[in-house]
Each structure stands twice: as C-alpha cells, then as structure tokens.
Amino acid sequence: MTRARRIAFWVAGGLLGLTIAGVVVSLVALQPLDQEVVVHWNIAGEADRWGPAWTYPLLIGIVGLVFTGIALMVGAFPMRDPGAVADPEPIVLAPGELAAWTRTATAATGFYWAIGTGIAFSIVASIVVITASSGRAWPIVVVPALLVVALALTGGWRVSAGPTGLTVRGLFGLPVMRVPLADIASADAVGVHPMRDFGGWGIRGAVGRGGWRTGVVVRAGDAIEVTRRSGKQFLVTVDDAATAVAVLRAYLTP
C-alpha cells in the first residue's frame, strides 16, 4: 500500500471519530430532541428559522460521513503511477498536408464515486432540512443540483490537437478552453498524478516547473502539456497524449 493511500485511510478514521464524537455531544447537549432550536440566521445575525433539535446531530452525521466516504474512496481506488512518458518526434507533413488528432478523456472511477456519494448525501440532507423547516429551506436543493451540474460539465472532455492549436471541450459543449497555435511555445507529453501535482481532480491550478500551471485533470497518467509564450502552462490528462504532442510539434517546427 502506498503512503498516500495509508494517509487517506488514517484521515478517514480521524474524520469518522470526529463525526461520532460530534453526534454524541450534540445528542447529549440538545436534550430533549423534540425542542425547537435555531437552524438559520439572516444576514444581520438574527435568528429567522427554527426546527427540531435532532436536525443538528443528523446534519453533523451526514456531513461527517460524506467527507469520511471521500477519504475512503481515495484510499480504496489506487491511482496508477503515471510513469515515464515518451518524447515524440514531430509528425513530418508534406506540403499542403494537414494532421489532426482528437480523443475523449473520461474521469476515473473514483471521481464518479466521490461526486455520486456527495450528490446522494446532499439529497438526503436537503430532504431532512426541508422537512424540519416545514418547507422554508427549499433553496437548499441548489446544493445537489450544483453537484449534478459539476459532474455533467467536468466528468468528460473532448480533446483536439491540430493546425489551430489545442482545444479542450466538455462533452456537453461547455466549458471550452483553447490554446491557439500562435500562443504555443512548446508542447510535451508528461505524466500527471492528480493529488501530488494538483491537489485533486477537475479544473485545477498549481505552481509548476516553470510557473503557473492550469490543468484539466480527470485521472492519473499521460497528459498533453503546452507552454504558452507567456511562460504559463496548460495541460489535460488524456490517453495517447504523445500522438497529440507529435501533431502539435509538426506545426510548431519551423
């Protein structure tokens, strides 16, 4: 077992312990559990919504279990080591010949499990809170709705490389990120470890080897990395990244 996975399991155990302690303390402190307690404050800090006392231990338990589950998934789904990545030669194009490359990049299984678990728990929490507040807390449904939108927009990408540069587009058409060929100083195939290099998955930013690095990170493994003329880097994790880099280098070669 890798050090990262051991840490994830230790974090999960700590979160579970804190969750149990928080639930027990709130159950003891909020007796009787059918009494009315404040569950919301307005912008002025004044109480404007009440609900049954059991709402607090229930929410503590749900939130704690969500984070515990995420930590367990990080430990249970080992990320493959990106390993060495080939340094491709540029494709040689005949006069008037064009080359293009496209491929779909889909998220790792752990990503779907994490987002799916978050959606399930947030739906349960929303139902509980709405019921406890007699329907007044209905805006909380925005939380699971946003998680569903995040899954739809970032769970898969269509990556294209060619004479116009590098384009990364969500499977539903949005969001779209482009690096025009005129703005590319160099292109490389690199290996990416989401937690080590970016602190997680999704659209991420981090300080890289040459400065600020933006990435569309859906899994560990090969990635296309382009360095802009400004020195900033942009990358996307996708299979067969070396071929895409060879295509880009064909147009970058003077």
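Is there a residue in segment 219-227 that is modelled with pLDDT of 90 or more, assigned by TED's automatic domain parsing to the domain that holds Arg169 and among the charged types (D, E, K, R)? Checking segment 219-227: at least one residue is modelled with pLDDT of 90 or more, assigned by TED's automatic domain parsing to the domain that holds Arg169 and among the charged types (D, E, K, R). Criterion applied to Leu248, Leu252 was being at pLDDT below 90 and within 16 Å of Pro180 (Cα to Cα), and the one residue passing it is Leu252.
When you scan segment 241-254, do you find a residue that is in a strand (DSSP E or B), β-branched (Val, Ile, Thr) and surrounded by 19 or more Cβ atoms within 10 Å (Cβ to Cβ), even just one? Within segment 241-254 (the criterion being in a strand (DSSP E or B), β-branched (Val, Ile, Thr) and surrounded by 19 or more Cβ atoms within 10 Å (Cβ to Cβ)), the answer is no, since none of the residues qualifies.
Gly200 meets the stated requirement of being at pLDDT 70 or above, closer than 20 Å to Phe67 by Cβ and not in a helix (DSSP H, G or I). In segment 192-222, the qualifying residues are those that are under 16 Å from the mean Cα position of the chain (by Cα) and aliphatic (A, V, I, L, M), and the one that is farthest from Val179 (Cα to Cα) is Met195. Here is a check on your reading of the model: is Val179 in contact (Cβ under 8 Å) with a residue 40 or more places away in the chain and closer than 14 Å to Ala105 by Cβ? Taking the combined requirement at face value, the residue does not satisfy it. On the stretch given as segment 165-190, residues that are within 18 Å of the chain's Cα centre (by Cα) and part of a strand (DSSP E or B) total 5.
The values are calculated or read from the model by the stated rules, or taken from the named source; none is laboratory data. Since the structure is predicted, the reported quantities are computational estimates derived from the model, not experimental observations. Neighbour counts are summed over all protein chains in view; Cβ atoms, including those assigned to glycine, are modelled from backbone coordinates with ideal geometry.
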